[in-house]
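Notes follow the structure.
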Amino acid sequence: MTALAFACVPLVSLGCNTAPKAESRATFALEAQAAQQWFDTNVTGVGAQIKGAAGYIVFPDVGQFGIIFGGGTFGRGAVYDKTGTQVGWAAINRASIGLQLGVQGFKMLMVLQDDKTVADFKEGAWRGDVAATAVAANSGAAASAQFKEGVAVYVGDQAGLMAGMSIALAHVRYKNLNDVE
């Protein structure tokens with residue numbers, strides 16, 4: 001079974017590049033906007049939290065899987081500054097080892113509290129884990145999350161079933177729009 005866990009690690013590390021392919025970027029930007037609208041509609045207070053923040057990242061489609069002793073999380077996002085202008089791309093790729101079982105897909109929103117948090121993200125200096133505030137699909141019952149390590153994380157519109165959700169900040173990468181071919 002340990003061999004199965006190690007076999008999953010390359011799959012997650014190859015899961016996605018930071019930026020979508022050039023021909024897919026316009027479609028991806030629309031998907032990110034739709035995901036942000038979903039959070040605005042379904043999470044009380046998230047719009048105000050974004051307005052007071054230094055930036056935010058929208059992941060329109062994140063996948064997470066666990067197979068006995070191995071698994072991972074992977075997805076691609078759009079990075080916005082405090083004015084709502086896209087400034088870059090983000091990717092989350094994380095392999096995990098430990099008892100886990102299930103598969104799920106979801107939208108994720110990461111609100112970046114201040115300029116230091118944004119700078120640390122862009123420099124790849126994020127550390128620590130943050131727990132996501134789960135949002136029940138279309139319930140509108142969740143309220144804005146508290147910042148931890150300068151980041152508030154929301155997960156919603158889930159498809160599938162899997163227990164627990166923690167984001168390892170060190171596994172979220174940044175690529176500036178100008179640095180993408």
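A short reminder: the numbers here are calculations on the coordinates, not readings from a lab. Computed from a prediction, not measured in an experiment: that's the story for all the values here. Glycine gets a Cβ as well: all are built from the backbone with ideal geometry, and neighbour counts include every protein chain shown.
Brief remarks on what is shown
- Over all other residues within a Cβ to Cβ distance under 13 Å of Val155, the charged ones net out to -1, with Lys and Arg as +1 and Asp and Glu as -1.
- Karplus (6.51, -1.76, 1.60) ³J(HN,Hα), θ = phi - 60°, over the stretch 28-43, in Hz, Gly and Pro reported as x: 4, 4, 5, 5, 5, 5, 5, 5, 4, 4, 4, 5, 4, 6, 9, 10
- Positive contributions from Lys and Arg (+1) and negative ones from Asp and Glu (-1), summed over other residues with Cβ under 10 Å from the Cβ of Trp89, come out at +3.
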